[in-house]
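Enquirer: Sharing a structure here in C-alpha cells format.
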Amino acid sequence: MTVTSALLSFAAVALLMTLVPGVDTALILRSAVVRSKSDAFVAALGICAGVFTWGAVAAAGASAVLAASQLAYQILTYLGAAYLVFLGGQMIYRSLRHKELEAAKVDVPASKWRAFGTGLVTNLLNPKIGVFYIAVIPQFTPADVNALLMGVGLAAVHVVLTLMWAIVLIAGASLAGKWLSTPRAVSWMDRITGTVLIGFGVKVALARP
C-alpha cells in the first residue's frame, strides 16, 4: 500500500462518516439559518479543529490510553453527553420563549467565538472520534511510513472532506434562507436541533465502550 492509495482509501471511509447526519450537520445548519453563513462556516472550522485534534492525538498514541482505560473513556463520554444535553435543552428553551431572529445576531464577535467553541468542544468531548482514529490509523499506514505523520495526514483529509460537506450544507441552507429565516422557522430549527443534540447525548451516555 502506498501513501497515495492509503489516503484515497481512507477518504472513502471518512466521506461516509462525514455524510451521515449527526450533531455536526445539525450545528452547521442551525448556525446557517439562525445566524449567518459566516457563523456556520466558523462552526465548521471548530468542528474541523476538533477532528484534527483527535487525529493528531490518536496518531501520537495518547488516545491509545483513552481506548485502553474504560474509566477515562466513560468520564469523557459522560462529559460529552452532558454537554450535548445541556446545549440541546438550551436551544429548546430559547425556542419556547419565542425570541426574534435578530436577537440571536446582536453580538457578532461573540457569536463567532461561540460558534467555533461549540463545534470544537462537541467534537473534543466525543471519545468515539479518538477511538475511530485509533482503529483506522494502523489500517491505513504503510509499513515504511511514520505513523504520526500518516495520522496527521489522515486527519487532514478528514478535515478537507468535512469542510467541503459544510459548504454544501451552508449553500443548501442559503437557498432556502428566505423561508428558514422567519422567526417561526428559527424556533422549529432550534427545537429540531436541540432534540437531535439531546438524543445524541443520551445515545452517547448509554453506549458501551
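The values are calculated or read from the model by the stated rules, or taken from the named source; none is laboratory data. Quick caveat, the model's predicted, so the values are computed rather than measured. As a convention, Cβ positions derive from the backbone with ideal geometry for all residues, glycine included, and neighbour counts pool all protein chains shown. We work out accessible area using only protein heavy atoms, side chains counted, and drop any ligands, DNA or RNA first. Shrake-Rupley method; radii C 1.70, N 1.55, O 1.52, S 1.80 Å.
Enquirer: If you go through region 141-151, how many residues are in a helix (DSSP H, G or I) and buried (at least 16 other Cβ atoms within 10 Å of the Cβ)? Even if it seems obvious, please write down each step before you answer.
Expert: Step one: of region 141-151, the residues in a helix (DSSP H, G or I) are 147-151.
Checking the rest, the ones that are also buried (at least 16 other Cβ atoms within 10 Å of the Cβ) come to 150-151.
Here the count works out to 2.
Enquirer: Going by the structure shown, is Ala40 touching a residue at least 12 places away in the same chain (Cβ under 8 Å) and buried (at least 23 other Cβ atoms within 10 Å of the Cβ)? Walk me through it before giving the result.
Expert: Values: touching a residue at least 12 places away in the same chain (Cβ under 8 Å): yes; buried (at least 23 other Cβ atoms within 10 Å of the Cβ): yes.
Here the answer is yes, as Ala40 does meet what is asked.
Enquirer: Give the residue that is nearest to Thr195 (Cα to Cα), with candidates limited to residues of region 1-31 that are without any contact (Cβ under 8 Å) to a residue 60 or more places away in the chain and assigned to a helix (DSSP H, G or I).
Expert: Leu16
Enquirer: Closer than 25 Å to Gly88 by Cα, modelled with pLDDT under 80, surrounded by fewer than 20 Cβ atoms within 10 Å (Cβ to Cβ) and out of contact with any Asp or Glu (no Cβ under 7 Å at 6 or more places or on another chain), is that true of Ala207?
Expert: It is true that Ala207 is closer than 25 Å to Gly88 by Cα, modelled with pLDDT under 80, surrounded by fewer than 20 Cβ atoms within 10 Å (Cβ to Cβ) and out of contact with any Asp or Glu (no Cβ under 7 Å at 6 or more places or on another chain).
Enquirer: Among the residues of region 129-140, which ones are over 11 Å from Ala14 (Cα atoms) and either aromatic (Phe, Trp, Tyr) or surrounded by fewer than 17 Cβ atoms within 10 Å (Cβ to Cβ) (or both)?
Expert: Ala135, Pro138, Gln139, Phe140
Enquirer: Which residues, taken from region 28-37, are farther than 11 Å from Met189 by Cβ and open to solvent by less than 10 Å² (accessible area, probe 1.4 Å)?
Expert: Residue satisfying the conditions is Ile28 alone.
Enquirer: Further question: Considering each of Leu84, Leu101, Leu79 in turn, give the residue that is at pLDDT below 85, touching a Gly at 6+ places or on another chain (Cβ under 9 Å) and surrounded by 13 or more Cβ atoms within 10 Å (Cβ to Cβ). Working first, answer last.
Expert: Numbers: Leu101 fails: touching a Gly at 6+ places or on another chain (Cβ under 9 Å); Leu79 fails: touching a Gly at 6+ places or on another chain (Cβ under 9 Å).
Being at pLDDT below 85, touching a Gly at 6+ places or on another chain (Cβ under 9 Å) and surrounded by 13 or more Cβ atoms within 10 Å (Cβ to Cβ) holds for just one of Leu84, Leu101, Leu79, which is Leu84.
Enquirer: Okay, next question. Would you mind telling me which numbered condition in (1) farther than 18 Å from Val159 by Cα; (2) of a type outside the set (Phe, Trp, Tyr); (3) modelled with pLDDT of 80 or more; (4) surrounded by 15 or more Cβ atoms within 10 Å (Cβ to Cβ) Gly46 fails?
Expert: Condition (1) is where Gly46 drops out.
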